[in-house]
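**Q** Please find one structure pasted underneath; my questions will follow.
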Amino acid sequence: IENRARQRSWDLAVTTTVNRLPNDALLQFDPPEAPGLIPQARDPDRRWYGVYANYNTPAYNTNLVRKSELPKSYEEFLDHKDWAGKIALDDTDDEWLSAIIEYYGEERGKKLLKDIAAVLRPVMVDGHLALARSVGAGEYWLALNNNASLTVNVRLAGAPIDFWALDPVALFFGSVGVNAQAPHPKAALLGANFMLSRAAGELLTKRGRMPTRADVPVNPSDVSERLNDRKIIATIFAGEEQKKWQGLFK
């Protein structure tokens, strides 16, 4: 709305939905730190860059569910009717849904999701961090899917929670973009470039965020090892495509 009104009200934005802004709202730029990012975190059109990575995985309360009980595929969730009503899911997980459809195929993927909904009756939660905290507190036993970085964030705070990775792992980013009408354009470019630096990445990983740079160690170190052999599908939507997947999710 501010862009259409030609208001110069902000310099840069950092959020998971920067890539859904219209092209004319975002400046094309080439930050010097961009070559240090993994390829998926660099917009081919040069309008956004990934600051941190969101890998989508299930999570569980380690006091309430034994590691030996964890499903080895999404189909195996259907063998746990006793978990009905004890599993939660964020009500905006269209990236995860699209990865399921791409991985399993449309017909099989839709049937799997409908079966999971019917058998497990997952509770819809508003907010991925709220979901991680709810599983960590034992309000729900498991999260059918969540951002692994937020699971780690709550785990680092001392809660009995952990994630395990199943195929597919949807990947998207918290990204930075610069306003095409930025009131402080030079400062915006400097700020955006710093957010992509190794120093900024190390700061974020202290709270469990997943880096988008190969030269930033993951915290805890075992997190990346659990994702190495999984099928990772980048799910980065423009605005209209996201509306399609959100409609299907609902």
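The values are calculated or read from the model by the stated rules, or taken from the named source; none is laboratory data. None of the values given here were measured: they were computed from a predicted structure. Neighbour counts are summed over all protein chains in view; Cβ atoms, including those assigned to glycine, are modelled from backbone coordinates with ideal geometry. Note: accessible area is taken over every heavy atom of the protein model, side chains too, but ligands, DNA and RNA are not part of it. Shrake-Rupley method; radii C 1.70, N 1.55, O 1.52, S 1.80 Å.
**Q** Buried (at least 21 other Cβ atoms within 10 Å of the Cβ), among the small types (Gly, Ala, Ser) and in contact (Cβ under 8 Å) with a residue 12 or more places away in the chain: does that describe residue 191?
**A** Criteria not met by residue 191.
**Q** Can you tell me which residue is most open to solvent (accessible area, probe 1.4 Å) among those in the stretch 8-30 that are among the polar types (S, T, N, Q) and part of a loop (DSSP other than H, G, I, E, B)?
**A** Here is the first cut: in the stretch 8-30, the ones among the polar types (S, T, N, Q) are 9, 15-17, 19, 23, 28.
After this cut, where a residue has to be part of a loop (DSSP other than H, G, I, E, B) as well, the list is 9, 16-17, 28.
Working: 9: 63, 16: 45, 17: 57, 28: 78 Å².
Of everything passing the filter in the stretch 8-30, 28 is most open to solvent (accessible area, probe 1.4 Å).
**Q** I'd like the full set of residues that are open to solvent by less than 50 Å² (accessible area, probe 1.4 Å), in contact with a Lys or Arg (Cβ under 8 Å, 6 or more places away or on another chain) and not in a helix (DSSP H, G or I), limited to the stretch 221-250.
**A** Once the filter is applied, which keeps residues that are open to solvent by less than 50 Å² (accessible area, probe 1.4 Å), in contact with a Lys or Arg (Cβ under 8 Å, 6 or more places away or on another chain) and not in a helix (DSSP H, G or I), the stretch 221-250 yields only 237.
**Q** Filter the stretch 194-220 down to residues that are of a type in the set (Lys, Arg) and over 16 Å from residue 37 (Cα atoms) and give me whichever is surrounded by the fewest Cβ atoms within 10 Å (Cβ to Cβ).
**A** 206
**Q** Has the stretch 75-83 got any residue that is surrounded by fewer than 19 Cβ atoms within 10 Å (Cβ to Cβ) and part of a loop (DSSP other than H, G, I, E, B)? Before the answer, list the steps.
**A** If we filter the stretch 75-83 for residues that are surrounded by fewer than 19 Cβ atoms within 10 Å (Cβ to Cβ), which is where we start, we get 75-76, 78-82.
Then keep just the ones that are part of a loop (DSSP other than H, G, I, E, B); that gives 80.
Yes: one or more hits.
**Q** In this structure, does residue 165 turn out to be more than 30 Å from residue 3 (Cα to Cα) and open to solvent by less than 30 Å² (accessible area, probe 1.4 Å)?
**A** Criteria met by residue 165.
**Q** Continuing with this model, one more query. May I ask you to say which residue of 56, 63 is open to solvent by 10 Å² or more (accessible area, probe 1.4 Å), closer than 30 Å to residue 136 by Cβ and at pLDDT 95 or above?
**A** Residue meeting the stated conditions: 63.
**Q** Now for a separate question. Take the stretch 158-211 and flag every residue that is of a type in the set (Phe, Trp, Tyr) and under 27 Å from residue 230 (Cα atoms).
**A** Applying the first criterion (of a type in the set (Phe, Trp, Tyr)) to the stretch 158-211 yields 163-164, 172-173, 194.
Of everything in the stretch 158-211, those that are of a type in the set (Phe, Trp, Tyr) and under 27 Å from residue 230 (Cα atoms) turn out to be 163, 164, 172, 173.
**Q** While we're looking at this one, here's another question. Taking residue 126, is it within 20 Å of the chain's Cα centre (by Cα) and free of Cβ contacts under 8 Å to residues at least 60 places away in the same chain? Don't jump to the end; show me each part of the working.
**A** Working: within 20 Å of the chain's Cα centre (by Cα): yes; free of Cβ contacts under 8 Å to residues at least 60 places away in the same chain: yes.
So residue 126 fits the description; yes.
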